[in-house]
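Take a look at the structure set out below.
The values are calculated or read from the model by the stated rules, or taken from the named source; none is laboratory data. Quantities reported herein were computed from a predicted structural model and do not represent experimental measurements. Every residue, glycine among them, receives a Cβ derived from its backbone with ideal geometry; neighbour counts consider all protein chains shown. Ligands, DNA and RNA are excluded from the accessible area calculation, which covers all protein heavy atoms including side chains. Shrake-Rupley method; radii C 1.70, N 1.55, O 1.52, S 1.80 Å.
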Amino acid sequence: MRMYDIIMKKRNGGELTKEEIDFFIQDYTAGNIPDYQVSALMMAIYFQKMTEQETLALTMAMAKSGDMLDLSAIKGIKVDKHSTGGVGDKTSLALTPMVAACGIPVAKMSGRGLGHTGGTIDKLESFPGFTTGIPVSQFIENVNTVGISIMGQTADLAPADKKLYALRDVTATVDNMSLIASSIMSKKLAAGADAIVLDVKTGSGAFMKAEEDAFALAKEMVKIGNNAGRKTIAVVTDMDQPLGYAVGNALEVKEAIATLRGEGPADFTEICMTLGTQMLLAGEKAKTEDEARNMLSEAIASGKALDKLAEFVKAQGGNPDAVYDCELLPKASVIEAVAAPVSGYIQHIVCDEIGICSLILGGGRENKESVIDLSVGLVLEKKVGDYVKAGEPLAYIHGNDPEKIAVATKRFLDAYTFCEKPFEKKAFIKGIIL
Ligand code: URA
(Lines give C-alpha, C1' and ligand atoms only; values in the text may rest on other atoms or scores of the structure.)
Protein backbone atom coordinates (compact mmCIF):
# COMPACT_ATOMS: atom_id res chain seq x y z
CA MET A 1 0.00 0.00 0.00
CA ARG A 2 1.29 3.48 -0.84
CA MET A 3 0.42 6.71 0.97
CA TYR A 4 0.48 8.54 -2.38
CA ASP A 5 -2.37 6.36 -3.71
CA ILE A 6 -4.44 6.95 -0.56
CA ILE A 7 -4.04 10.73 -0.83
CA MET A 8 -5.00 10.67 -4.52
CA LYS A 9 -8.04 8.45 -3.90
CA LYS A 10 -9.39 10.83 -1.26
CA ARG A 11 -8.47 13.92 -3.27
CA ASN A 12 -10.60 12.54 -6.10
CA GLY A 13 -13.58 11.95 -3.80
CA GLY A 14 -13.15 8.18 -3.27
CA GLU A 15 -14.07 6.25 -0.13
CA LEU A 16 -11.09 4.84 1.79
CA THR A 17 -11.23 1.22 2.94
CA LYS A 18 -10.68 0.14 6.56
CA GLU A 19 -7.36 -1.40 5.43
CA GLU A 20 -6.18 1.88 3.91
CA ILE A 21 -7.15 3.82 7.06
CA ASP A 22 -5.49 1.25 9.35
CA PHE A 23 -2.37 1.42 7.20
CA PHE A 24 -1.92 5.20 7.35
CA ILE A 25 -2.74 5.45 11.06
CA GLN A 26 -0.36 2.63 12.04
CA ASP A 27 2.48 3.84 9.86
CA TYR A 28 2.02 7.50 10.79
CA THR A 29 2.04 6.63 14.52
CA ALA A 30 5.21 4.56 13.97
CA GLY A 31 6.89 7.54 12.29
CA ASN A 32 7.03 5.89 8.83
CA ILE A 33 4.89 8.47 7.01
CA PRO A 34 6.03 12.12 6.93
CA ASP A 35 3.84 14.97 8.21
CA TYR A 36 3.61 16.52 4.72
CA GLN A 37 1.82 13.50 3.27
CA VAL A 38 -0.59 13.26 6.20
CA SER A 39 -1.22 17.03 5.95
CA ALA A 40 -2.19 16.55 2.31
CA LEU A 41 -4.55 13.74 3.27
CA MET A 42 -6.13 15.84 6.05
CA MET A 43 -6.77 18.65 3.56
CA ALA A 44 -8.28 16.17 1.08
CA ILE A 45 -10.55 14.86 3.86
CA TYR A 46 -11.43 18.44 4.81
CA PHE A 47 -12.74 19.15 1.31
CA GLN A 48 -14.07 15.71 0.27
CA LYS A 49 -15.40 14.73 3.72
CA MET A 50 -15.64 11.17 5.05
CA THR A 51 -18.50 8.69 5.02
CA GLU A 52 -19.86 7.19 8.24
CA GLN A 53 -17.92 3.97 7.56
CA GLU A 54 -14.66 5.86 7.06
CA THR A 55 -15.21 7.94 10.22
CA LEU A 56 -15.84 4.82 12.28
CA ALA A 57 -12.74 3.11 10.83
CA LEU A 58 -10.61 6.18 11.57
CA THR A 59 -11.92 6.38 15.14
CA MET A 60 -11.22 2.71 15.85
CA ALA A 61 -7.77 2.84 14.23
CA MET A 62 -6.81 5.85 16.41
CA ALA A 63 -8.34 4.34 19.58
CA LYS A 64 -6.25 1.19 19.01
CA SER A 65 -3.06 3.08 18.12
CA GLY A 66 -1.94 2.86 21.78
CA ASP A 67 -3.11 1.39 25.08
CA MET A 68 -6.81 0.67 25.61
CA LEU A 69 -7.41 1.23 29.34
CA ASP A 70 -8.92 -1.71 31.16
CA LEU A 71 -11.22 -0.36 33.87
CA SER A 72 -12.70 -3.74 34.79
CA ALA A 73 -11.09 -3.48 38.25
CA ILE A 74 -13.55 -0.64 38.98
CA LYS A 75 -16.90 -1.84 40.25
CA GLY A 76 -20.10 -0.57 38.63
CA ILE A 77 -20.95 1.07 35.30
CA LYS A 78 -18.28 3.64 34.49
CA VAL A 79 -19.75 6.72 32.83
CA ASP A 80 -17.42 9.23 31.19
CA LYS A 81 -18.32 12.79 30.23
CA HIS A 82 -16.72 14.98 27.60
CA SER A 83 -17.28 18.52 26.38
CA THR A 84 -16.27 19.67 22.90
CA GLY A 85 -14.83 22.78 24.62
CA GLY A 86 -15.98 26.26 25.48
CA VAL A 87 -15.48 29.43 27.52
CA GLY A 88 -16.14 29.31 31.27
CA ASP A 89 -16.86 25.59 30.90
CA LYS A 90 -16.16 24.37 34.43
CA THR A 91 -18.79 21.61 34.20
CA SER A 92 -16.56 18.66 35.15
CA LEU A 93 -15.54 20.40 38.41
CA ALA A 94 -19.11 20.41 39.75
CA LEU A 95 -20.68 17.54 37.80
CA THR A 96 -18.19 14.79 38.68
CA PRO A 97 -18.62 15.18 42.50
CA MET A 98 -22.40 15.44 42.01
CA VAL A 99 -22.66 12.13 40.17
CA ALA A 100 -19.99 10.45 42.32
CA ALA A 101 -22.03 11.40 45.41
CA CYS A 102 -24.93 9.52 43.75
CA GLY A 103 -22.80 6.37 43.33
CA ILE A 104 -21.47 6.68 39.75
CA PRO A 105 -17.76 5.77 39.59
CA VAL A 106 -15.97 8.59 37.75
CA ALA A 107 -12.73 7.59 36.00
CA LYS A 108 -12.02 10.56 33.78
CA MET A 109 -9.24 11.62 31.45
CA SER A 110 -9.16 15.37 30.98
CA GLY A 111 -7.14 17.86 29.00
CA ARG A 112 -5.52 21.26 29.41
CA GLY A 113 -6.65 24.48 27.75
CA LEU A 114 -6.80 24.51 23.96
CA GLY A 115 -6.90 27.77 22.00
CA HIS A 116 -9.52 30.09 23.50
CA THR A 117 -11.05 27.24 25.53
CA GLY A 118 -10.05 26.27 29.07
CA GLY A 119 -9.11 22.80 30.32
CA THR A 120 -10.20 20.89 33.42
CA ILE A 121 -6.66 19.95 34.47
CA ASP A 122 -5.45 23.57 34.55
CA LYS A 123 -8.50 24.50 36.63
CA LEU A 124 -7.97 21.68 39.11
CA GLU A 125 -4.37 22.75 39.62
CA SER A 126 -5.78 25.87 41.31
CA PHE A 127 -6.03 23.65 44.40
CA PRO A 128 -2.55 24.00 45.94
CA GLY A 129 -0.66 20.69 45.57
CA PHE A 130 -3.20 19.02 43.26
CA THR A 131 -1.75 16.70 40.61
CA THR A 132 -3.21 14.67 37.73
CA GLY A 133 0.15 13.03 37.00
CA ILE A 134 -0.71 9.79 38.78
CA PRO A 135 -0.09 6.21 37.64
CA VAL A 136 -3.04 4.25 36.22
CA SER A 137 -2.94 1.91 39.26
CA GLN A 138 -3.55 4.85 41.64
CA PHE A 139 -6.20 6.26 39.28
CA ILE A 140 -8.13 2.98 39.51
CA GLU A 141 -7.63 2.69 43.27
CA ASN A 142 -8.87 6.26 43.85
CA VAL A 143 -12.03 5.59 41.81
CA ASN A 144 -12.70 2.51 43.94
CA THR A 145 -12.04 4.22 47.28
CA VAL A 146 -13.05 7.89 46.71
CA GLY A 147 -15.43 7.55 43.76
CA ILE A 148 -13.63 10.01 41.44
CA SER A 149 -10.24 10.27 39.82
CA ILE A 150 -9.13 12.55 37.00
CA MET A 151 -5.86 12.14 35.18
CA GLY A 152 -4.21 13.64 32.11
CA GLN A 153 -4.11 11.81 28.78
CA THR A 154 -1.16 9.42 29.06
CA ALA A 155 1.40 9.35 26.25
CA ASP A 156 0.18 5.87 25.32
CA LEU A 157 -3.51 6.72 24.98
CA ALA A 158 -4.58 7.28 21.36
CA PRO A 159 -1.08 8.51 20.29
CA ALA A 160 -2.28 8.74 16.66
CA ASP A 161 -4.80 11.40 17.69
CA LYS A 162 -2.12 13.31 19.59
CA LYS A 163 0.05 13.51 16.44
CA LEU A 164 -2.86 14.19 14.10
CA TYR A 165 -4.36 16.88 16.35
CA ALA A 166 -1.09 18.79 16.51
CA LEU A 167 -0.84 18.58 12.72
CA ARG A 168 -4.45 19.68 12.14
CA ASP A 169 -3.93 22.59 14.53
CA VAL A 170 -1.29 24.09 12.22
CA THR A 171 -2.75 23.09 8.83
CA ALA A 172 -6.24 24.64 9.19
CA THR A 173 -7.94 21.24 9.25
CA VAL A 174 -9.44 21.20 12.77
CA ASP A 175 -13.05 22.07 12.01
CA ASN A 176 -14.09 19.06 9.99
CA MET A 177 -16.90 17.02 11.53
CA SER A 178 -15.42 13.56 10.91
CA LEU A 179 -11.99 14.63 12.14
CA ILE A 180 -13.40 16.16 15.35
CA ALA A 181 -15.73 13.20 15.97
CA SER A 182 -12.97 10.63 15.49
CA SER A 183 -10.48 12.66 17.56
CA ILE A 184 -12.81 12.91 20.56
CA MET A 185 -14.30 9.45 20.33
CA SER A 186 -10.95 7.65 19.84
CA LYS A 187 -9.77 9.08 23.19
CA LYS A 188 -13.06 8.26 24.91
CA LEU A 189 -13.08 4.66 23.61
CA ALA A 190 -9.44 4.13 24.61
CA ALA A 191 -10.15 5.55 28.08
CA GLY A 192 -12.33 2.52 28.82
CA ALA A 193 -15.69 3.81 30.15
CA ASP A 194 -18.84 1.72 29.65
CA ALA A 195 -21.01 4.74 28.81
CA ILE A 196 -20.22 8.23 27.49
CA VAL A 197 -22.20 11.47 27.92
CA LEU A 198 -21.12 14.18 25.48
CA ASP A 199 -21.69 17.91 25.86
CA VAL A 200 -21.59 19.30 22.33
CA LYS A 201 -21.28 23.09 22.31
CA THR A 202 -22.64 25.43 19.68
CA GLY A 203 -22.27 29.18 19.20
CA SER A 204 -19.54 31.80 18.96
CA GLY A 205 -17.43 30.22 21.73
CA ALA A 206 -17.56 26.69 20.28
CA PHE A 207 -15.63 24.89 17.51
CA MET A 208 -19.01 24.17 15.83
CA LYS A 209 -20.48 27.66 15.51
CA ALA A 210 -23.69 26.71 13.66
CA GLU A 211 -26.38 24.78 15.51
CA GLU A 212 -27.02 22.36 12.63
CA ASP A 213 -23.31 21.47 12.50
CA ALA A 214 -23.29 20.83 16.28
CA PHE A 215 -26.29 18.49 15.93
CA ALA A 216 -24.64 16.67 13.03
CA LEU A 217 -21.44 16.27 15.11
CA ALA A 218 -23.47 15.05 18.10
CA LYS A 219 -25.29 12.47 15.96
CA GLU A 220 -22.03 11.28 14.41
CA MET A 221 -20.37 10.79 17.82
CA VAL A 222 -23.39 9.02 19.30
CA LYS A 223 -23.42 6.63 16.35
CA ILE A 224 -19.69 5.92 16.69
CA GLY A 225 -19.98 5.27 20.45
CA ASN A 226 -23.00 2.99 20.10
CA ASN A 227 -21.42 1.10 17.17
CA ALA A 228 -18.36 0.53 19.36
CA GLY A 229 -20.58 -0.99 22.06
CA ARG A 230 -20.57 1.98 24.49
CA LYS A 231 -23.88 3.55 25.40
CA THR A 232 -23.47 7.14 24.16
CA ILE A 233 -25.68 10.18 24.68
CA ALA A 234 -25.07 13.74 23.50
CA VAL A 235 -26.54 16.97 24.86
CA VAL A 236 -26.23 20.00 22.56
CA THR A 237 -25.80 23.17 24.64
CA ASP A 238 -25.38 26.88 24.06
CA MET A 239 -21.88 28.37 23.91
CA ASP A 240 -22.85 31.70 22.36
CA GLN A 241 -21.81 33.37 25.61
CA PRO A 242 -19.62 32.14 28.49
CA LEU A 243 -21.10 29.45 30.73
CA GLY A 244 -21.93 30.92 34.14
CA TYR A 245 -20.22 34.19 35.02
CA ALA A 246 -16.60 33.23 35.76
CA VAL A 247 -13.89 32.72 33.11
CA GLY A 248 -10.38 31.87 34.32
CA ASN A 249 -8.99 28.93 36.25
CA ALA A 250 -9.31 29.67 40.01
CA LEU A 251 -12.33 31.93 39.38
CA GLU A 252 -14.12 29.02 37.71
CA VAL A 253 -13.21 26.68 40.58
CA LYS A 254 -14.82 29.20 42.93
CA GLU A 255 -18.00 29.27 40.83
CA ALA A 256 -18.13 25.45 40.69
CA ILE A 257 -17.83 25.34 44.49
CA ALA A 258 -20.65 27.89 44.84
CA THR A 259 -22.75 25.65 42.57
CA LEU A 260 -22.07 22.64 44.81
CA ARG A 261 -23.35 24.79 47.67
CA GLY A 262 -26.57 25.41 45.73
CA GLU A 263 -25.60 29.02 44.95
CA GLY A 264 -24.51 28.63 41.33
CA PRO A 265 -25.64 30.54 38.22
CA ALA A 266 -28.86 29.24 36.65
CA ASP A 267 -27.36 28.19 33.28
CA PHE A 268 -24.42 26.40 34.86
CA THR A 269 -26.60 24.62 37.43
CA GLU A 270 -28.95 23.54 34.63
CA ILE A 271 -26.17 22.06 32.50
CA CYS A 272 -24.87 20.08 35.49
CA MET A 273 -28.39 18.80 36.24
CA THR A 274 -29.06 17.85 32.58
CA LEU A 275 -25.75 16.07 32.01
CA GLY A 276 -25.89 14.53 35.51
CA THR A 277 -29.37 13.16 34.79
CA GLN A 278 -28.10 11.47 31.61
CA MET A 279 -25.10 10.06 33.53
CA LEU A 280 -27.32 8.60 36.29
CA LEU A 281 -29.64 7.05 33.70
CA ALA A 282 -26.73 5.60 31.69
CA GLY A 283 -25.12 4.33 34.90
CA GLU A 284 -28.45 2.74 35.95
CA LYS A 285 -28.56 4.63 39.25
CA ALA A 286 -31.95 6.15 38.37
CA LYS A 287 -34.86 4.89 36.29
CA THR A 288 -36.45 8.21 35.34
CA GLU A 289 -35.30 11.76 34.72
CA ASP A 290 -37.26 12.98 37.76
CA GLU A 291 -35.62 10.44 40.02
CA ALA A 292 -32.17 11.40 38.70
CA ARG A 293 -32.81 15.13 39.20
CA ASN A 294 -34.01 14.53 42.76
CA MET A 295 -30.90 12.51 43.55
CA LEU A 296 -28.64 15.26 42.19
CA SER A 297 -30.53 18.00 44.08
CA GLU A 298 -30.22 15.95 47.26
CA ALA A 299 -26.46 15.47 46.72
CA ILE A 300 -26.14 19.27 46.66
CA ALA A 301 -28.59 20.06 49.48
CA SER A 302 -27.01 17.51 51.85
CA GLY A 303 -23.47 18.81 51.21
CA LYS A 304 -22.41 15.32 49.99
CA ALA A 305 -21.33 16.59 46.57
CA LEU A 306 -19.18 19.34 48.11
CA ASP A 307 -17.59 16.84 50.52
CA LYS A 308 -16.94 14.50 47.57
CA LEU A 309 -15.01 17.28 45.82
CA ALA A 310 -12.89 17.78 48.95
CA GLU A 311 -12.18 14.02 49.22
CA PHE A 312 -11.18 13.89 45.55
CA VAL A 313 -8.89 16.94 45.84
CA LYS A 314 -7.19 15.45 48.92
CA ALA A 315 -6.69 12.04 47.26
CA GLN A 316 -4.74 13.73 44.45
CA GLY A 317 -2.48 15.77 46.72
CA GLY A 318 -4.48 19.02 46.83
CA ASN A 319 -5.47 21.04 49.88
CA PRO A 320 -9.11 20.06 50.63
CA ASP A 321 -9.52 23.10 52.94
CA ALA A 322 -9.67 25.28 49.80
CA VAL A 323 -13.03 23.64 48.95
CA TYR A 324 -14.49 25.15 52.13
CA ASP A 325 -12.43 28.37 52.17
CA CYS A 326 -11.95 29.89 48.68
CA GLU A 327 -9.52 32.47 50.15
CA LEU A 328 -6.96 29.63 49.88
CA LEU A 329 -7.26 29.59 46.06
CA PRO A 330 -4.91 31.74 43.91
CA LYS A 331 -6.01 35.41 43.86
CA ALA A 332 -5.09 38.22 41.46
CA SER A 333 -3.60 41.44 42.85
CA VAL A 334 -5.83 43.81 40.85
CA ILE A 335 -9.62 43.66 40.36
CA GLU A 336 -10.94 46.29 37.95
CA ALA A 337 -14.51 46.98 36.87
CA VAL A 338 -15.27 47.33 33.14
CA ALA A 339 -17.98 49.98 32.80
CA ALA A 340 -20.77 49.73 30.22
CA PRO A 341 -20.16 52.34 27.49
CA VAL A 342 -23.91 52.87 26.86
CA SER A 343 -27.28 52.04 28.43
CA GLY A 344 -29.25 49.21 26.84
CA TYR A 345 -29.85 45.46 26.58
CA ILE A 346 -26.92 43.19 25.86
CA GLN A 347 -27.67 41.84 22.41
CA HIS A 348 -24.64 39.64 21.76
CA ILE A 349 -21.27 38.66 23.20
CA VAL A 350 -18.56 37.32 20.88
CA CYS A 351 -17.86 34.44 23.19
CA ASP A 352 -14.45 33.25 21.97
CA GLU A 353 -13.19 36.83 22.45
CA ILE A 354 -13.95 36.52 26.19
CA GLY A 355 -11.84 33.34 26.26
CA ILE A 356 -9.06 35.27 24.51
CA CYS A 357 -9.30 38.06 27.15
CA SER A 358 -8.57 35.46 29.83
CA LEU A 359 -5.67 34.20 27.72
CA ILE A 360 -4.29 37.75 27.37
CA LEU A 361 -4.42 38.20 31.15
CA GLY A 362 -2.19 35.11 31.45
CA GLY A 363 -4.88 32.46 32.06
CA GLY A 364 -4.05 30.36 28.98
CA ARG A 365 -1.02 29.29 27.00
CA GLU A 366 0.39 31.43 24.19
CA ASN A 367 2.66 28.49 23.27
CA LYS A 368 3.38 25.00 24.56
CA GLU A 369 5.97 26.24 27.06
CA SER A 370 3.85 29.03 28.63
CA VAL A 371 3.28 28.87 32.39
CA ILE A 372 -0.26 29.96 33.13
CA ASP A 373 -1.43 32.34 35.84
CA LEU A 374 -4.23 30.50 37.64
CA SER A 375 -5.48 33.60 39.46
CA VAL A 376 -6.51 35.77 36.50
CA GLY A 377 -9.70 36.00 34.44
CA LEU A 378 -13.03 37.76 34.29
CA VAL A 379 -16.26 37.65 36.23
CA LEU A 380 -19.20 38.88 34.17
CA GLU A 381 -21.92 40.93 35.83
CA LYS A 382 -24.23 41.09 32.81
CA LYS A 383 -25.05 38.54 30.14
CA VAL A 384 -27.12 38.42 26.93
CA GLY A 385 -30.62 39.87 27.42
CA ASP A 386 -29.70 41.77 30.64
CA TYR A 387 -30.23 45.53 30.89
CA VAL A 388 -27.29 47.72 31.88
CA LYS A 389 -26.99 51.44 32.56
CA ALA A 390 -24.03 53.38 31.11
CA GLY A 391 -21.21 53.36 33.68
CA GLU A 392 -22.45 50.25 35.50
CA PRO A 393 -19.99 47.34 35.63
CA LEU A 394 -20.34 44.81 32.82
CA ALA A 395 -17.65 42.65 34.39
CA TYR A 396 -14.70 42.62 36.78
CA ILE A 397 -11.29 41.84 35.38
CA HIS A 398 -8.87 40.00 37.69
CA GLY A 399 -5.25 40.54 36.66
CA ASN A 400 -1.68 40.97 37.80
CA ASP A 401 -0.31 43.17 35.01
CA PRO A 402 -1.79 46.64 34.25
CA GLU A 403 -0.75 46.49 30.57
CA LYS A 404 -2.47 43.14 30.04
CA ILE A 405 -5.54 44.42 31.90
CA ALA A 406 -5.73 47.41 29.55
CA VAL A 407 -5.49 45.21 26.42
CA ALA A 408 -8.07 42.73 27.78
CA THR A 409 -10.47 45.56 28.75
CA LYS A 410 -10.47 46.97 25.22
CA ARG A 411 -10.98 43.57 23.66
CA PHE A 412 -13.72 42.75 26.18
CA LEU A 413 -15.70 45.89 25.34
CA ASP A 414 -15.38 45.19 21.60
CA ALA A 415 -17.00 41.78 22.15
CA TYR A 416 -20.28 43.26 23.46
CA THR A 417 -23.13 44.70 21.37
CA PHE A 418 -26.15 46.47 22.82
CA CYS A 419 -29.69 47.13 21.63
CA GLU A 420 -32.54 49.32 22.86
CA LYS A 421 -35.39 46.81 23.10
CA PRO A 422 -35.72 43.73 25.31
CA PHE A 423 -35.93 40.34 23.56
CA GLU A 424 -36.55 36.71 24.46
CA LYS A 425 -33.47 34.76 25.58
CA LYS A 426 -32.55 31.68 23.49
CA ALA A 427 -32.98 28.16 24.89
CA PHE A 428 -29.84 27.03 26.66
CA ILE A 429 -30.23 23.25 26.23
CA LYS A 430 -30.73 22.77 22.49
CA GLY A 431 -31.48 19.05 22.42
CA ILE A 432 -30.52 15.56 23.53
CA ILE A 433 -29.44 12.83 21.09
CA LEU A 434 -29.98 9.34 22.48
N1 URA B 1 -11.37 18.29 20.86
C2 URA B 1 -10.65 17.20 20.48
O3 URA B 1 -10.19 16.41 21.29
N4 URA B 1 -10.43 17.02 19.15
C5 URA B 1 -10.89 17.85 18.21
O6 URA B 1 -10.67 17.61 17.03
C7 URA B 1 -11.64 18.99 18.62
C8 URA B 1 -11.87 19.18 19.97
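Remarks
- The residues on offer are GLY113, GLY66, and the sole one that is within 19 Å of ALA256 (Cα to Cα) and either charged (D, E, K, R) or within 16 Å of the ligand (Cβ to nearest atom) (or both) is GLY113.
- Hits in the stretch 242-299 (condition: assigned to a loop (DSSP other than H, G, I, E, B) and open to solvent by 20 Å² or more (accessible area, probe 1.4 Å)): TYR245, ARG261, GLY262, GLU263, GLY264, GLU284, LYS285, LYS287, THR288
- Inside the stretch 30-48, residues that are in a helix (DSSP H, G or I), open to solvent by 40 Å² or more (accessible area, probe 1.4 Å) and within 19 Å of ALA158 (Cβ to Cβ) make up a count of 1.
- Test: residue in the stretch 95-110 that is part of a helix (DSSP H, G or I), away from the ligand (no atom under 16 Å from the Cβ), of a type in the set (Gly, Ala, Ser) and buried (at least 22 other Cβ atoms within 10 Å of the Cβ): yes
- Conditions (1) of a type outside the set (Val, Ile, Thr); (2) open to solvent by 20 Å² or more (accessible area, probe 1.4 Å); (3) within 16 Å of the ligand (Cβ to nearest atom); number of the one not met by LYS75: (3)
- Checking the stretch 14-21 against the condition returns a match, with at least one residue being within 30 Å of the chain's Cα centre (by Cα), surrounded by fewer than 18 Cβ atoms within 10 Å (Cβ to Cβ) and not in a strand (DSSP E or B).
- Summed over the stretch 157-187, residues that are near the ligand (Cβ under 10 Å from one of its atoms), small (Gly, Ala, Ser) and either under 15 Å from ILE33 (Cβ atoms) or assigned to a loop (DSSP other than H, G, I, E, B) (or both) total 1.
- Residue check for ALA299: under 21 Å from ILE150 (Cα atoms) and aliphatic (A, V, I, L, M): yes
- Hits in the stretch 311-351 (condition: aromatic (Phe, Trp, Tyr) and assigned to a strand (DSSP E or B)): TYR345
- Test result for VAL376, more than 18 Å from LYS426 (Cβ to Cβ) and either among the hydrophobic types (A, V, I, L, M, F, W, C) or crowded, with 18+ Cβ neighbours inside 10 Å (or both): yes
- Near pairs, Cβ below 7 angstrom, 6+ apart or cross-chain, from the stretch 19-38 (in contact (Cβ under 8 Å) with a residue 24 or more places away in the chain and within 12 Å of ILE7 (Cβ to Cβ)) to any residue that is surrounded by 18 or more Cβ atoms within 10 Å (Cβ to Cβ) and of a type in the set (Val, Ile, Thr): GLN37/ILE7
- Check on ALA61, open to solvent by 30 Å² or more (accessible area, probe 1.4 Å) and either within 16 Å of the ligand (Cβ to nearest atom) or part of a helix (DSSP H, G or I) (or both): no
- Conditions (1) outside any strand (DSSP E or B); (2) within 24 Å of the chain's Cα centre (by Cα); number of the one not met by ALA390: (2)
- Pair list, Cβ < 6 Å and 6+ apart or interchain, from the stretch 125-140 residues that are in a loop (DSSP other than H, G, I, E, B) to residues that are open to solvent by 60 Å² or more (accessible area, probe 1.4 Å) and modelled with pLDDT of 95 or more: none
- Tally, over the stretch 110-146, of residues that are out of contact with any strand residue (DSSP E or B) (no Cβ under 6 Å at 6 or more places or on another chain) and of a type in the set (A, V, I, L, M, F, W, C): 7
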